Amino acid sequence: MNVQPILTTHDITKSFGDIEVIRGVNLAVYPGEAFGLLGANGAGKTTIIGMILGLLLPTTGKISMFGEMLNGSSKHFNRRIGAALETSAFYPYLSGRDNLHVFAKALGGVPAARIEKLIDFVGLGAQAGSRFQTYSTGMKRRLTLACSLITDPDLIFLDEPTIGLDPAGMREVRELIGELISKGKTIFITSHMLHEVEQVCRRVAVLNKGEILAQGLVDELVCQDQTLRIEVADLHSAANYLAGLPDVGQVTKKENYLLIDATLDQAEMISSHLAKIGIYPRRIEPVGSDLEDFFLDLTKDEITKHIQ
Ligand code: ATP
């Protein structure tokens, strides 16, 4: 079955004055997935979300959503889209509950029971009755999340959902995201917290200085760049021999093992090379490269390219 994206950006750019901060961004987000847009501070994540939500117009390019090419505004989808942005503005003197009622009214109204269900879902508990201005960062994040879910939307944008949370709060938010995914929702997360994203998102795009450097399944992206760790008795001979072979990547000798730039499916080839000189590895295993390594490598290369 050919699943169509629920959201696509078609070569969007954004300039402020004569500075182009978003350059030719093509994103595709599929229904029912958690998609992560990763980027350092200032990479352009908020600007992209702003364009998707219709708060900013792209300078060039188009955005399609729910199978429809948008003509500048996604307002008519406002009950199908939820957004928890860092800038969500609440009334400080109203309670969390009353703030949710205010937002619900602005969105066309929902039954009061829906608000109570959300308060329960995000774990606001008894604090739902306290004034917003008394909330901790964690409670504010919970309220923001609840607010994004008022209309039971299909597509939910979470801007840095775990920022400012303690480890327990981060885990709870991850679990809530997991629950939303299990209900068939699509989640678009922006973050620079790569470990968080890795635990939640199925696919990611890496944004650097307004450009997408990579996009794909987390599992596939982090595997592109694998290293094998090989334990052998005669490290010196093995390293010299492997380093001289044209089909073997870079070999680095460590104290008790070798590191080789190679993927797991090259392990057998490396073993058979070593067998030719009578060396039989005790152990060959991939060294886990994670999303953070991938991201840092990618952005470092890009910086080097710019310098050259
Ligand atoms: P952060 O993680 O710090 O929130 P970000 O990835 O969300 O960063 P943006 O806020 O989208 O990045 O900013 C991208 C670039 O666009 C930055 O260089 C920023 O200074 C610039 N920028 C954003 N909004 C405007 C604006 N209204 N006028 C001029 N420049 C802007």
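Screening Pro161, Pro167 for residues that are open to solvent by 10 Å² or more (accessible area, probe 1.4 Å), assigned by TED's automatic domain parsing to the domain that holds Ile49 and closer than 22 Å to Arg79 by Cα leaves exactly one candidate, Pro161. Considering the conditions (1) crowded, with 18+ Cβ neighbours inside 10 Å; (2) away from the ligand (no atom under 16 Å from the Cβ); (3) assigned by TED's automatic domain parsing to the domain that holds Leu38, Arg202 is excluded by exactly one of them, (1). From the list Leu37, Leu27, the one residue that fits, being part of a strand (DSSP E or B), within 30 Å of Lys117 (Cβ to Cβ) and in contact with a helix residue (DSSP H, G or I) (Cβ under 8 Å, 6 or more places away or on another chain), is Leu37.
What's the total number of residues in region 252-295 that are assigned to a strand (DSSP E or B), open to solvent by 70 Å² or more (accessible area, probe 1.4 Å) and either in contact with a Leu (Cβ under 9 Å, 6 or more places away or on another chain) or among the aromatic types (Phe, Trp, Tyr) (or both)? Lay out the reasoning, then the answer.
Taking region 252-295 as the starting set, the residues that turn out to be assigned to a strand (DSSP E or B) are 252-253, 258-261, 283-287.
If we keep only those that are open to solvent by 70 Å² or more (accessible area, probe 1.4 Å) as well, we get 253, 261, 283.
Then drop every residue that is not either in contact with a Leu (Cβ under 9 Å, 6 or more places away or on another chain) or among the aromatic types (Phe, Trp, Tyr) (or both), which leaves 253, 261.
Residues that pass the stated criteria total 2.
When we screen Asp98, Asp120 for residues that are modelled with pLDDT of 90 or more and open to solvent by 90 Å² or more (accessible area, probe 1.4 Å), the only hit is Asp120.
Residues in region 130-158 that are open to solvent by 50 Å² or more (accessible area, probe 1.4 Å) and of a type outside the set (D, E, K, R): Gln133, Thr134, Ser136, Thr137. Residues in region 1-18 that are within 16 Å of the ligand (Cβ to nearest atom) and within 18 Å of Lys62 (Cβ to Cβ): 5 in all. The residues of region 42-71 that are open to solvent by less than 20 Å² (accessible area, probe 1.4 Å), within 16 Å of the ligand (Cβ to nearest atom) and farther than 21 Å from Thr144 by Cα, listed by number, are Ala43, Gly44, Ile63.
Residue-wise test of (1) more than 16 Å from the ligand (Cβ to nearest atom); (2) surrounded by fewer than 21 Cβ atoms within 10 Å (Cβ to Cβ); (3) modelled with pLDDT of 90 or more.
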| residue | (1), (2), (3) |
| --- | --- |
| Glu20 | no, yes, yes |
| Gly36 | no, no, yes |
| Ser73 | yes, yes, no |
| Gly108 | yes, yes, no |
| Ala112 | yes, yes, no |
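The values are calculated or read from the model by the stated rules, or taken from the named source; none is laboratory data. Owing to the predicted nature of the structure, the values given are computational and were not obtained by experimental measurement. Don't worry about glycine lacking a Cβ; one is built from the backbone with ideal geometry, like all the others, and counts go over all protein chains shown. Keep in mind that these areas ignore ligands, DNA and RNA; they rest on the heavy atoms of the full protein, side chains included. Shrake-Rupley method; radii C 1.70, N 1.55, O 1.52, S 1.80 Å.
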